[in-house]
Every structure is written in C-alpha cells, then in structure tokens.
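Here is the structure we will look at.
The values are calculated or read from the model by the stated rules, or taken from the named source; none is laboratory data. Keep in mind the model is a prediction, meaning the values are calculated, not measured. Cβ placement follows ideal geometry from the backbone for every residue including glycine, while neighbour counts extend to all protein chains displayed. Areas reflect the complete protein model, heavy atoms only, side chains present, ligands, DNA and RNA absent. Shrake-Rupley method; radii C 1.70, N 1.55, O 1.52, S 1.80 Å.
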Amino acid sequence: MDFSFFGTLGRILSESGFAAFADDPRNLIMILIACLLLYLGIGKKFEPLLLVPIAFGILMANFPLTGILDEGGLFKYFYFGVEHAIYPSIIFLGIGAMTDFGPLIARPSSLLLGAAAQLGIFTAFLLALGLGFLPAEAAAIGVIGGADGPTAILTASKLAPHLLPPIAIAAYSYMALIPMIQPPLMRLMTTEKERKIKMEQLRTVSKTEKIIFPIAVAIFVILLIPDTAPLIGMLMLGNLFRECGVTDRLSDTAQNALCNIVTIFLGLSVGCKAVASTFLTFETIKIIVLGLLAFMFSTLGGLLFGKIMCKLSGGKINPLIGSAGVSAVPMAARVAQIEGQKANPANFLLMHAMGPNVAGVIGSAVAAGFMIKVFGG
Amino acid sequence: MGNLSAGAFLVALSGIVIVFLMLAVLCLMIPVISKCVRMTQKEASPAPAAVPTPAPAAPAPAPAGAYGGEVALIDVDEKTAACIMAIVSHETGIPLSELVFKKIKAL
C-alpha cells in the first residue's frame, strides 16, 4: 500500500475550501460580510432573530465546494419555502396571532395613517426605475418601504428572486434602525405643540368585534385583491386563533414554536442566496440606499397624514402616531411613544400608535398585492 | 431617466390610491360592524332582573393610590394582584393611572 503522509496532507489542503478561495476571493469578502452581520445581530442586537440566521446562511453559502446550494444540497430544499411564499405566509400567521387589533378597531381612522405610510413603497418604486431597475425589480425594492420583512421577501421572491438577499437584508436592517431613522424626521415634520398633544383614551372593544374583524377583513381584502391571499389570509387566520377563544393552543403554536421554526428556515434561505457573484454588485448598494429612502418617505407620508388628521380633528390627534403607520410592529409605535413623552412626559401614545402600526401591516400587504398583480405577469 | 415613464407614475399613483381606498373602506366597515355587534348584543341580553348577578369580585386595591379602576380577582389575593399591576406598569412603562385591568385570574 502506497501512502505518503505529506502527499495526502497536501492533497487535502489543495482540495480544501481554503485553496478554493484563490479561484474566487469574493467568497472571502462575503464571509467577512456575514461576520459583520453576525456582529450586528449578536453584538448590537439588530433584529437578531432574523439577522443571525441570515448571516449564518450567507456564511454557509459562501464556503466553496460544499455543494449546499446545488441540486440535492440542503439549502436547495430550504429555499423551496421562500420560492413558494410558504415561510413569509407562516410568519404572517404568527404575526396575526401576536397582534391585538383592538386599538385599530377602537379608532378605525388609524387605517388611513397606515395607508399614508405606504408612500415610501411607491416613491422608492419610482426612484428605483429612475436608477435603471426593471419595473418588477423596482416594485420589489419599493416594498422595503413597507417596513415589513415577510412582505418584502414574498414580493421579492415573486418579482425579483435574484434581488432577494439584498432586499431582505435592507428591510430587516432598517427595521432595526427605526429608532435612529424616524425621530429626526418626526421632529422635523411636527411642532413642539403638536408633539405635546395628549390623546383621549380609546374605547373598549368587545370580544365579538375582535372575532368578526379578521373574518371581515379577510373576506373583503382577498376578494378585492386576490394576490394578497397568502399574507392577509394567514395574518387574519392567526388573529382569529388569538381572538376566538377556542383555539388557544393553535394561537400559542403560531405565536411561538411555528413562528420560531419558520424564522430559522426563512433566515437561512434568504442568507444562502447571498452568494458573491450576485451580492457583491453595485445593484446591492443601490438597493440599500433605496431601502433607506423608502423607509424615510413612508415615515414622512404617515407624519404628513397625521398632521392633516390633527388639523381635521381640531388638534385631538397627535401627528406623531402617523410615523407608526410603517408596519414595523411594535418598534415604530414605541418610537412614537418615546418621542411623544419627550415632548410631554405625561403623554402616552403607545396604544394610539398601535392602531396605525397594525394598519401598516395590512397596508403594506395590500401594496405588495397590488405590485404583484401589476408586475407578476 | 432610467426606466421612468409616464406609465410608471400612473402605476405609483394608482397603487397609493388603491391602498387608500381599500383601507378607507375598511375604516368605514369597522364602525358598521361595531354598531351591528352592539345592537345584536343589546337584543340578545335578557332583562337585567332575569339574570342572576354573579357575586361581585373583590376590587383590587389601588397600588400607591395611583390605579383608579376596578378589577375582578379570580383566585388571586389582593397583594399578588397589586404586585402584578405594578410589574405590568413597570415593564410596559405605562403609568398605573393609564392602565385598565379588567380581571386577574390564576391559571
């Protein structure tokens, strides 16, 4: 038997992933990016539940020679759930089970704030077209402005699958950065007097109203825009589990175990698509910038409409709650609460801001459904 | 400029209008549903005299005099209820005067 220790060692090294870096050093850059995202997720706690699996997915996908993305590879099967809009829809089931639509039912006008805060989606769509993206790509990029990760992922998977990783990373990164992005805009768009406005306590919403709400919304919205069915249907089913009082176990599973399991698969699947050849491009930088602009325009849209509602209500509505119309739940509502309390320590806007906040979830799903309808082919 | 065209502006405008319309219809729909629910509940609820009123639950103490509402306590003593309300207030950052507890029930 011919065996050379050093010969074998040399062969192992020459056939290893380390040696393969010489063929495409961009993989090394992607590994560094993955490590940076892991740091942001773990060290800075930027949306860690998603950023950590996404970053690890990027790490795994950029190790050379693993074949993990090829036919028969593990991630190939994980990605099936993104490709067919399974994961975002299940995440929406969990979100529905976690969401209390009470503040929205108590003040239905909040829905208009949720609609106004979708301005960023359409503005970013136009800006993306201006930067040379194709219409379907621009639509997928625009949906980042909805500040809703699962919706952005679903739209990107249907309209521009090749742009999915930068879109998902931009969406989740900016959602984590909402406490930094929104306050300067909130202070810019509102006066001290407006920020001090104390809002009246919301009425009590009955159990029956809360049960009928998800059923009515599902019937109306899905019948009107059938493309919203996966998101709105699952969101409302999750909420029905929560409110109907006879499916507590299902509600608990949707909120916790199921949502957590799917979050792992969703994160890994999105991350694994971020390979050097498609991610390290100028397009990615453009998407990151457009995502930020989309978030800013959405916040501005909500604030502007908040100001209009403030005027129309005779100063009874604090325009700060308009910024919560972006659907990052509950982060955006918390930011409105913090800014309101800075202006007036006795101010309590959290529950008032939750109305536009959950309306934003419905609004972004409707906007995404519209984009899919127009550009989905 | 890029792929911008009049059609693109039309799509963007239509999109935001549709989102507004959809949510505006929901905004109108909710009060109608609420009204129907209240009417149905009013009709369904029998005359107060016919209903044997359950023993009123003990109202919880107002912790530090800040909480003014009434709360039904089910298998929970007043001290525990006061602690729970104080913890909820602390965790949520909502002053007790703004919180409304309906019932606290031991599971």
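Brief remarks on what is shown
- Where helices (runs of 4 or more DSSP H) fall entirely within the stretch A:41-124, those with at least 2 residues that are within 14 Å of chain B (Cβ to nearest Cβ) and within 30 Å of A:K210 (Cβ to Cβ) are at A:102-106, A:110-116.
- Which numbered condition A:C310 fails, given (1) touching a residue at least 60 places away in the same chain (Cβ under 8 Å); (2) within 14 Å of chain B (Cβ to nearest Cβ): (2)
- The one condition in (1) modelled with pLDDT of 95 or more; (2) more than 14 Å from chain B (Cβ to nearest Cβ); (3) surrounded by fewer than 16 Cβ atoms within 10 Å (Cβ to Cβ) that A:S277 fails to fulfil: (1)
- Residue within the stretch A:190-201 that is buried (at least 18 other Cβ atoms within 10 Å of the Cβ) and under 24 Å from the mean Cα position of the chain (by Cα) present: no
- One residue from A:L159, A:L134, A:L129 being more than 11 Å from chain B (Cβ to nearest Cβ) and farther than 18 Å from A:P356 by Cα: A:L159
Here's the yes/no breakdown for (1) away from chain B (no Cβ under 14 Å); (2) in a helix (DSSP H, G or I):
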| residue | (1), (2) |
| --- | --- |
| A:P179 | yes, yes |
| A:L185 | yes, yes |
| A:L188 | yes, yes |
| A:V205 | no, no |
| A:K210 | no, yes |
| A:I215 | no, yes |
| A:A218 | no, yes |
| A:V221 | no, yes |
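- When each of A:L304, A:L250 is tested for being open to solvent by 10 Å² or more (accessible area, probe 1.4 Å), part of a helix (DSSP H, G or I), modelled with pLDDT of 95 or more and away from chain B (no Cβ under 14 Å), the lone residue that passes is A:L250.
- Index of the failed condition, A:S157 passing every other in (1) over 30 Å from A:G102 (Cβ atoms); (2) small (G, A, S); (3) touching a Gly at 6+ places or on another chain (Cβ under 8 Å): (3)
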